[in-house]
Every structure is written in C-alpha cells, then in structure tokens.
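The values are calculated or read from the model by the stated rules, or taken from the named source; none is laboratory data. What you see is a predicted model, and the numbers here were worked out from it, not measured in a lab. Ideal geometry is used to build each Cβ from the backbone, glycine not excepted, and the neighbour counts take in all protein chains shown.
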Amino acid sequence: MALIPQYRNDAYTGGNVQVRSAASIIAILCALASFYFSSQGRELPGFLLALVAIVAGMVGGVKALSPRVSGGILSMIAVGLGVIAVLFAIVALLF
C-alpha cells in the first residue's frame, strides 16, 4: 500500500498537521491588553493581565513540547511580553 497525501480543496488534510497552541495566542493577547490598560491608568487590570500572560505563555510552552502542537516561540515571546508588561504596570502605578 502506497502512502499518498490526502488533499481536500487544495489543502493538505493528512495525518500529522501541527496546530498552534491556543494558550500562547491567549498569552500574547493578554500581554497586549495589559499594555493598553496600564497606559490608560488602570494598573491593576494591567498587572493581572500580565500575570495571566506569563502563566498562559508557560502553559503554551509546555503544550508546545508535543510534536503535534506548534507555538513554542510564540510562548517564549508571550512570557517575555508578560514580564515587560508587569514592569510597565509597576512603573505606571508609581508615576
């Protein structure tokens, strides 16, 4: 039996298709929302969203260890943005 790739509507639908980790996408969105809230003078929601971004980025990084899930670099970026967002929220709170 020959292994023939399966195509449907010009898209590959075969076996090992990678999907992005939803946790890493949520982490990036939380980090961006954290920057927004901190810049608008709402430091507590900004700080909390930054913490959610860090935790979700770490969860996305753990999920990216699976060969079926991609997004490891997105998770590292999200954790980095979360750390910067925490610092940004603290600076916004002080000044």
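For the stretch 25-55, a residue qualifies if it is buried (at least 17 other Cβ atoms within 10 Å of the Cβ) and closer than 14 Å to Val91 by Cβ, and the qualifying residues are Ser34, Phe35, Phe37, Ser38, Glu43, Gly46, Phe47, Ala50.
Yes or no, residue by residue, for (1) at pLDDT below 90; (2) under 23 Å from Ile73 (Cα atoms); (3) within 17 Å of the chain's Cα centre (by Cα):
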{"residue": "Tyr7", "(1), (2), (3)": "yes, no, no"}
{"residue": "Ser24", "(1), (2), (3)": "yes, yes, yes"}
{"residue": "Ala27", "(1), (2), (3)": "no, yes, yes"}
{"residue": "Ser34", "(1), (2), (3)": "no, yes, yes"}
{"residue": "Gly41", "(1), (2), (3)": "no, no, no"}
{"residue": "Leu48", "(1), (2), (3)": "no, yes, yes"}
{"residue": "Val52", "(1), (2), (3)": "no, yes, yes"}
{"residue": "Gly57", "(1), (2), (3)": "no, yes, yes"}
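Taking the condition part of a loop (DSSP other than H, G, I, E, B) and surrounded by fewer than 20 Cβ atoms within 10 Å (Cβ to Cβ), does Leu93 pass? Spelling it out, it is not the case that Leu93 is part of a loop (DSSP other than H, G, I, E, B) and surrounded by fewer than 20 Cβ atoms within 10 Å (Cβ to Cβ). Scanning the stretch 59-70 for residues that are crowded, with 21+ Cβ neighbours inside 10 Å and among the aliphatic types (A, V, I, L, M) returns a single hit, Ala64.
Cβ-Cβ contacts under 6 Å between residues 6 or more apart (or on different chains), taken from a first residue in the stretch 70-89 that is touching a residue at least 12 places away in the same chain (Cβ under 8 Å) to a second residue that is outside any helix (DSSP H, G or I) and charged (D, E, K, R), are listed as Ser70/Arg20; Gly71/Arg20.
Residues of the stretch 71-90 that are more than 19 Å from Gln40 (Cα to Cα) and surrounded by fewer than 16 Cβ atoms within 10 Å (Cβ to Cβ): Ile73, Gly80. If you filter the stretch 56-69 down to residues that are outside any helix (DSSP H, G or I) and in contact (Cβ under 8 Å) with a residue 12 or more places away in the chain, you find that the one that is nearest to Phe95 (Cα to Cα) is Ala64.
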